[in-house]
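Q: Below are the structure tokens for one structure; questions will follow.
The values are calculated or read from the model by the stated rules, or taken from the named source; none is laboratory data. Fair warning: this is a prediction, and the values are worked out from it, not measured in the lab. A quick note on method: Cβ atoms are made from the backbone with ideal geometry, for glycine too, and the neighbour counts reach across all protein chains shown. Surface areas here come from the heavy atoms of the whole protein model, side chains and all, with no ligands, DNA or RNA. Shrake-Rupley method; radii C 1.70, N 1.55, O 1.52, S 1.80 Å.
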There are 2 protein chains.
Amino acid sequence: MATTTAAQRREQAKRDYDAFLERCPTRELLSRLTDKWVALVIPALANGPQRHSELAGRIAGVSQKMLTQTLRTLERDGLVTRTVTASVPVRVDYELTSLGHELFPVMVAIKNWAEMHMDQVFEARAQFDARP
Amino acid sequence: MATTTAAQRREQAKRDYDAFLERCPTRELLSRLTDKWVALVIPALANGPQRHSELAGRIAGVSQKMLTQTLRTLERDGLVTRTVTASVPVRVDYELTSLGHELFPVMVAIKNWAEMHMDQVFEARAQFDARP
DNA sequence: CTGCATCCCTCCTGATACTG
DNA sequence: CAGTATCAGGAGGGATGCAG
């Protein structure tokens, strides 16, 4: 068929790739996606383009180095676009690509899960640590 | 109200916690959840209890140390139960708790996303690397 | 404002070897 | 079979200074 849909291609890809296998390239991609800063940067880009300084302000505690590094990787992987506006001083905006928008709900889900279940995890840890 | 539902409590928790804040405890929880091995171990526990060796076989390339370490942390956080059967040799089974089952779909989503979008990421990287 | 380079230190990770 | 202990390499991450 020449008319395979995007969904069909993705189903095919899911059969071809398996992160349980050691040498599968998805293993490396998975380790990139499972990154603390990625899980914060992607959700932070929810409301359209953001400047470097805006992101740094929103994601408290991120160093300039890690933010730049994370954004570079995301850009290379096609999840984020980097737009430079030649002005003085220079303005740089980051925005989710369509691929980035597909990842967005997944990253938000993790962040939300952590926020919604923090208390239950605290309780579990207390019980665990109180064991003889 | 004395009759708050679990869903309501979670909504409340979501207002109380914010991983964007540096000192919020969810920041630490988030960094634990965004772990390559967690994203593989949780999905691997899909079909009921699994032994240490079964997990090691399924998740190719994981070292015995990292598997044990990951399972310990998951157990402490209340996501996994560890059951020891006193036999010779000893048998140890790991199983998702109800809390673990709530995290399950999120972890599977990441793993699937990586497998389904690997090709698009490859393409983006090729374009990025080919730039002047 | 944004980003690169450098130094430096911590912690993660994986091999190996050893106990119950 | 399951788990602990140990060690060495390397990646992760922070601070600072400089450049476009």
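Q: In segment B:1-37, which residues are open to solvent by less than 40 Å² (accessible area, probe 1.4 Å) and at pLDDT below 80?
A: B:Ala13, the sole residue that qualifies.
Q: Right, here's the next one. Could you say which residue among A:Ala56, A:Ala39, A:Ala44 is more than 12 Å from DNA strand D (Cβ to nearest atom) and in contact with a Leu (Cβ under 9 Å, 6 or more places away or on another chain)?
A: A:Ala44
Q: Assuming B:Phe128 fulfils every condition listed in (1) away from DNA strand D (no atom under 16 Å from the Cβ); (2) modelled with pLDDT of 95 or more; (3) within 11 Å of another protein chain (Cβ to nearest Cβ) apart from one, which condition is it?
A: So B:Phe128 meets the others, but not (2).
Q: What tally of residues in segment B:38-48 results from selecting those that are at pLDDT below 95 and either open to solvent by 50 Å² or more (accessible area, probe 1.4 Å) or within 7 Å of chain A (Cβ to nearest Cβ) (or both)?
A: Of the residues in that region, 1 qualify.
Q: Tell me yes or no: at least one residue of segment A:99-111 is open to solvent by 80 Å² or more (accessible area, probe 1.4 Å) and more than 11 Å from DNA strand C (Cβ to nearest atom).
A: Yes, that holds for at least one residue.
Conditions tested, residue by residue: (1) near DNA strand C (Cβ under 10 Å from one of its atoms); (2) in contact (Cβ under 8 Å) with a residue 40 or more places away in the chain; (3) closer than 23 Å to A:Trp113 by Cβ; (4) more than 13 Å from chain A (Cβ to nearest Cβ).
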| residue | (1), (2), (3), (4) |
| --- | --- |
| B:Asp16 | no, no, yes, no |
| B:Gln64 | yes, no, no, yes |
| B:Asp77 | no, yes, yes, no |
| B:Asp93 | no, yes, no, yes |
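Q: Now for a different question. Of the numbered conditions (1) open to solvent by less than 60 Å² (accessible area, probe 1.4 Å); (2) of a type in the set (Asp, Glu); (3) without any contact (Cβ under 8 Å) to a residue 12 or more places away in the chain, B:Glu54 fails exactly one; give the number of that condition.
A: (1)
Q: Of the residues that sit in segment A:60-96 and are within 12 Å of DNA strand D (Cβ to nearest atom) and surrounded by 21 or more Cβ atoms within 10 Å (Cβ to Cβ), which one is farthest from the chain's Cα centre (by Cα)?
A: Among them, the one singled out is A:Val62.
Q: Given (1) of a type in the set (Val, Ile, Thr); (2) at pLDDT below 95; (3) within 21 Å of A:Ala130 (Cβ to Cβ), where does B:Thr85 come up short, assuming only one miss?
A: The failed condition is (3).
Q: Filter segment B:79-91 for residues that are of a type in the set (S, T, N, Q) and either away from DNA strand C (no atom under 16 Å from the Cβ) or free of Cβ contacts under 8 Å to residues at least 12 places away in the same chain (or both) and give the result.
A: B:Thr81, B:Thr85, B:Ser87
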